[in-house]
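Asker: Mind looking over this structure? Questions follow.
The values are calculated or read from the model by the stated rules, or taken from the named source; none is laboratory data. No experiment lies behind these values; they were computed from the predicted model shown. FYI the Cβ positions are ideal-geometry reconstructions off the backbone, even for glycines, and counts take in every protein chain you see. Calculation scope for accessible area: heavy atoms of the full protein, side chains included, ligands and nucleic acids excluded. Shrake-Rupley method; radii C 1.70, N 1.55, O 1.52, S 1.80 Å.
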Amino acid sequence: MAEKQEEPSNAQNGEPDNAEEGEGKKKKVKREDLPPFEIVTGERLPAIFFKFQFRNVEYSSGRNKTFLCYVVETQGKEPVTSRGYLEDEHAAAHAEMAFFNTILPTCQPGARHDVTWYVSSSPCVTCAQRICEALRKNKGLRLTIMVGRLFMWEEPEMQAALRSMKEAGCKLRIMKPQDFEYVWKNFVEQEEGEEAKSFVPWEDIQENFQYYEEKLAEILH
């Protein structure tokens with residue numbers, strides 16, 4: 001499943017393409033000038049981000065962010081469903097951590113929460129540990145994680161982290177083409193005044209899904 005390496009534009013990574021051009025334009029902010037903790041939240045992400053960041057390629061060159069779309073179904077006398085997305089910079093905070101620090105605490109305490117994440121790539125080792133801790137401490141939390149790609153899955157430490165998440169009760173799944181379509185319809189911005197554009201799957205979406213599904217099955221077996 002060879003995938004040609006892609007060089008992302010600034011816009012695909014959330015930065016304007018002309019960040020350093022034009023008289024009177026602000027200079028592009030250097031990495032060391034960025035704040036140490038930055039998480040972007042919202043209800044819908046730009047289509048250009050989805051098309052690049054969620055694509056389930058084997059070689060994720062240039063994809064240096066995690067996009068996490070979430071659905072929280074709170075069970076109770078009056079069931080409540082909330083949804084949104086989180087976006088991070090890998091050099092700073094991670095979207096998975098932000099969910100537990102900023103989103104989950106706003107949900108009704110003591111209630112059962114059925115949470116589904118649609119994530120551009122699987123969690124890193126540190127985030128996997130945080131997920132396990134949260135599931136063990138909160139018996140009312142049910143978490144399903146749908147991932148577009150497996151992050152550094154060849155590494156033994158990463159494989160162990162994925163297995164520990166399963167053991168803690170987390171359901172790990174690879175996103176099928178239908179799941180990408182669901183994210184497109186429910187979490188991606190559409191042009192105002194236009195009918196929602198149909199999701200157009202990329203050429204190797206099914207092949208790549210099967211590739212990652214086999215790898216995950218081997219790891220969790």
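Asker: Check region 100-111 and report whether any residue there is within 18 Å of the chain's Cα centre (by Cα), small (Gly, Ala, Ser) and over 12 Å from PHE67 (Cβ atoms).
Answerer: No, region 100-111 contains no residue that is within 18 Å of the chain's Cα centre (by Cα), small (Gly, Ala, Ser) and over 12 Å from PHE67 (Cβ atoms).
Asker: What about GLN108, is it open to solvent by 20 Å² or more (accessible area, probe 1.4 Å) and either over 26 Å from LYS77 (Cβ atoms) or at pLDDT 95 or above (or both)?
Answerer: It is false that GLN108 is open to solvent by 20 Å² or more (accessible area, probe 1.4 Å) and either over 26 Å from LYS77 (Cβ atoms) or at pLDDT 95 or above (or both).
Asker: Would a scan of region 152-170 turn up a residue that is buried (at least 21 other Cβ atoms within 10 Å of the Cβ), touching a residue at least 60 places away in the same chain (Cβ under 8 Å) and not β-branched (Val, Ile, Thr)?
Answerer: No; the residues of region 152-170 include none that is buried (at least 21 other Cβ atoms within 10 Å of the Cβ), touching a residue at least 60 places away in the same chain (Cβ under 8 Å) and not β-branched (Val, Ile, Thr).
Asker: Please tell me if ARG44 is modelled with pLDDT of 85 or more, open to solvent by 50 Å² or more (accessible area, probe 1.4 Å), touching a helix residue (DSSP H, G or I) at 6+ places or on another chain (Cβ under 9 Å) and closer than 22 Å to ARG149 by Cα.
Answerer: no
Asker: Can you report the number of residues in region 183-195 which are within 17 Å of TYR85 (Cβ to Cβ) and at pLDDT below 85?
Answerer: The total comes to 1.
Asker: Being within 23 Å of PHE50 (Cβ to Cβ), at pLDDT 85 or above and either open to solvent by less than 10 Å² (accessible area, probe 1.4 Å) or among the polar types (S, T, N, Q) (or both) narrows it down to one of THR74, THR116, THR126, so name that one.
Answerer: Step by step, each of THR74, THR116, THR126 is checked, and only THR116 is within 23 Å of PHE50 (Cβ to Cβ), at pLDDT 85 or above and either open to solvent by less than 10 Å² (accessible area, probe 1.4 Å) or among the polar types (S, T, N, Q) (or both).
Asker: Could you check region 67-87 and list, in sequence order, the residues that are in contact with a helix residue (DSSP H, G or I) (Cβ under 6 Å, 6 or more places away or on another chain) and farther than 15 Å from ASN101 by Cα?
Answerer: Residues satisfying the conditions are PHE67, CYS69.
Asker: For THR81, all conditions in the list (1) among the polar types (S, T, N, Q); (2) within 28 Å of PHE199 (Cβ to Cβ); (3) modelled with pLDDT under 50 hold save one; what is the number of the exception?
Answerer: The failed condition is (3).
Asker: Further, regarding this structure: I'd like to know if region 188-197 contains one or more residues that are touching a residue at least 40 places away in the same chain (Cβ under 8 Å) and either among the β-branched types (Val, Ile, Thr) or surrounded by 14 or more Cβ atoms within 10 Å (Cβ to Cβ) (or both).
Answerer: Yes: region 188-197 contains one or more residues that are touching a residue at least 40 places away in the same chain (Cβ under 8 Å) and either among the β-branched types (Val, Ile, Thr) or surrounded by 14 or more Cβ atoms within 10 Å (Cβ to Cβ) (or both).
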